[in-house]
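Novice: Here's a structure for you.
The values are calculated or read from the model by the stated rules, or taken from the named source; none is laboratory data. Everything quoted here is computed from the prediction, not taken from an experiment. Because the Cβ atoms are built from the backbone with ideal geometry, glycine has one as well, and the counts that use them run over all protein chains shown.
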Amino acid sequence: MHLEVLSPERSVYSGNVYGVQLPGIEGSFEILENHAPIIASLGKGNMKILKDKNTTEHFQISGGFVEVLNNRAVVLIEGAAPIA
């Protein structure tokens, strides 16, 4: 699955991933390859990018939206800070 994470200031992440975990406004959820089309609102919380089954990147985000269509996820966020 291809993932694009964009903020107003910059591209936070772009690349092929195994999946992504996101903080929805009503709880966390995960998007994996071949996910059904969806548009969802995001709240403040942790975003976990699953590069593969063993490698991850973590970001603190401050809300936004995600759209999934045709094995491509676009995450539009207000801001992001890497978590070590």
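Novice: Among the residues of the range 23-47, which ones are more than 17 Å from His58 (Cβ to Cβ) and either part of a loop (DSSP other than H, G, I, E, B) or not small (Gly, Ala, Ser) (or both)?
Specialist: Those that are more than 17 Å from His58 (Cβ to Cβ) and either part of a loop (DSSP other than H, G, I, E, B) or not small (Gly, Ala, Ser) (or both): Ile25, Glu26, Leu32, Glu33, Asn34, His35, Ala36, Pro37, Ile38, Ile39.
Novice: Would you tally the residues in the range 42-66 being aliphatic (A, V, I, L, M) and either out of contact with any strand residue (DSSP E or B) (no Cβ under 8 Å at 6 or more places or on another chain) or more than 14 Å from Glu30 (Cα to Cα) (or both)?
Specialist: So in the range 42-66, the residues aliphatic (A, V, I, L, M) come out as 42, 47, 49-50, 61, 66.
Going one step further and asking which of them are either out of contact with any strand residue (DSSP E or B) (no Cβ under 8 Å at 6 or more places or on another chain) or more than 14 Å from Glu30 (Cα to Cα) (or both), we end up with 61.
The number of residues fulfilling the criteria is 1.
This table checks each residue for (1) modelled with pLDDT of 95 or more; (2) surrounded by 15 or more Cβ atoms within 10 Å (Cβ to Cβ); (3) out of contact with any helix residue (DSSP H, G or I) (no Cβ under 9 Å at 6 or more places or on another chain); (4) aliphatic (A, V, I, L, M).
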position	(1), (2), (3), (4)
Ser11	yes, no, yes, no
Ser14	yes, no, yes, no
Gly24	yes, no, yes, no
Ile31	yes, yes, yes, yes
Gly45	yes, yes, yes, no
Asn54	no, no, yes, no
Gly64	yes, yes, yes, no
Val68	yes, yes, yes, yes
Arg72	yes, no, yes, no
